[in-house]
Protein chains: 2
Amino acid sequence: MSAERRLEGEAGSAQERLRDHLSARNLRLTPERLLVLEGVLTREGHFDAEELLEHLRRSNKSVSRATVYRTLDHLAEAGLVKKHHFQEGHALFEHVHGRDHHDHMVCDRCGRVIEFVNDKIEALQEEVCREHDFRELRHVHQIFGICSACQAVEKRAPNASPHHSGHA
Amino acid sequence: MSAERRLEGEAGSAQERLRDHLSARNLRLTPERLLVLEGVLTREGHFDAEELLEHLRRSNKSVSRATVYRTLDHLAEAGLVKKHHFQEGHALFEHVHGRDHHDHMVCDRCGRVIEFVNDKIEALQEEVCREHDFRELRHVHQIFGICSACQAVEKRAPNASPHHSGHA
DNA sequence: GTGTGTGCAAAACCTTTGCAAAATA
DNA sequence: TATTTTGCAAAGGTTTTGCACACAC
């Protein structure tokens with residue numbers, strides 16, 4: 001299956017999922033909401049609201065800032081995107097539709113985001129919840145530090161950093 | 001050792017630690033900074049900047065809002081408090097001086113914060129970092145969901161919640 | 001028609017900052 | 001005296017909101 005077809009397929013079922021989520025709440029699948037969904041699905045990695053807004057404007061698919069924020073919330077509630085708070089006061093989003101659960105390492109130097117999965121940690125987490133009779137709904141597991149590339153740079157030039165482009 | 005004496009002891013060495021941290025940076029251990037430290041050490045559990053500010057005002061140990069924020073940052077850098085972002089745009093602090101590392105579960109209903117420690121998770125985390133050649137500096141591990149008490153309430157009255165006082 | 005959705009601009013939120021005066025080494 | 005610190009109020013950046021108009025069922 002080509003990347004293109006896969007994207008279409010995902011977009012199709014993502015749209016279904018959004019439609020279902022909205023109609024279950026007597027909300028509507030508007031053109032604006034579809035534009036936002038489309039924009040989200042074509043973003044790669046982690047992006048912020050402003051970047052998405054800009055992308056939509058450049059693509060002549062402009063919607064208002066308010067609509068972007070409001071729709072991102074709907075998408076998050078529908079389980080189509082995840083909202084991350086790696087740094088305070090600045091949310092990043094990633095689309096997670098059709099993707100497996102994963103957690104994140106974030107480089108303090110270059111901002112690079114590395115995904116990781118560890119089933120043992122997930123299992124232990126469940127155990128912890130059972131012990132406390134706590135019903136987990138979601139979790140945030142982020143490891144902050146210095147990525148491999150930045151460590152290498154620091155060894156060579158103790159002050160520079162491999163300026164990572166954007167928020168991958 | 002009584003609770004009182006223990007607090008004095010902790011306050012004493014916390015003050016030392018702050019003094020060392022500041023003097024190493026050519027900064028001063030001012031009366032205002034001491035008032036903030038004192039206020040922090042007498043808070044229990046998790047509190048926000050505004051609550052601390054109010055507490056200081058009520059105790060006739062008033063300092064400005066700016067000083068509270070600035071000092072909390074110093075305390076965090078000195079390793080005396082930790083700053084948490086359980087919800088976006090609203091930081092909570094806890095004093096961690098002389099306390100062991102722990103992570104948190106946060107109840108979505110009542111806001112209660114439950115601490116947990118799991119050495120196996122910590123070890124696995126280190127393993128994950130090694131695998132990615134990532135140098136961990138700190139991590140955030142938060143589990144969100146419904147605490148035991150709120151689950152019980154939900155069973156009885158599917159809409160109420162045991163309004164938890166403050167952010168313990 | 002009644003309820004939703006949109007866009008705009010203004011507001012809200014917590015937090016940080018500039019600045020002049022005060023305090024400290 | 002040279003720095004640092006304080007308090008105030010104003011600014012900051014992201015996100016949310018009120019409202020009038022437009023749209024959908």
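Values for this structure:
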{"quantity": "Residue check for B:Arg58: modelled with pLDDT under 95 and in the same structural domain as B:Glu94 (by TED's automatic domain parsing)", "calculated": "yes"}
{"quantity": "Subset tally (residues that are in a helix (DSSP H, G or I) and near DNA strand D (Cβ under 8 Å from one of its atoms)) for region B:24-35", "calculated": "3"}
{"quantity": "Candidates A:Gly79, A:Gly45, A:Gly98, A:Gly39, filtered to the one that is within 13 Å of DNA strand C (Cβ to nearest atom), within 18 Å of the chain's Cα centre (by Cα) and not aliphatic (A, V, I, L, M)", "calculated": "A:Gly39"}
{"quantity": "Among residues of region A:59-80, those that are within 13 Å of DNA strand D (Cβ to nearest atom) and in a loop (DSSP other than H, G, I, E, B), counted", "calculated": "2"}
{"quantity": "Flag for A:Ile121 being more than 30 Å from A:Leu22 (Cα to Cα), touching a residue at least 24 places away in the same chain (Cβ under 8 Å) and at the interface with another protein chain (Cβ under 10 Å from one of its Cβ atoms)", "calculated": "no"}
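The values are calculated or read from the model by the stated rules, or taken from the named source; none is laboratory data. Just so it is clear, the model here is predicted, and its values are computed rather than measured. Ideal geometry is used to build each Cβ from the backbone, glycine not excepted, and the neighbour counts take in all protein chains shown.
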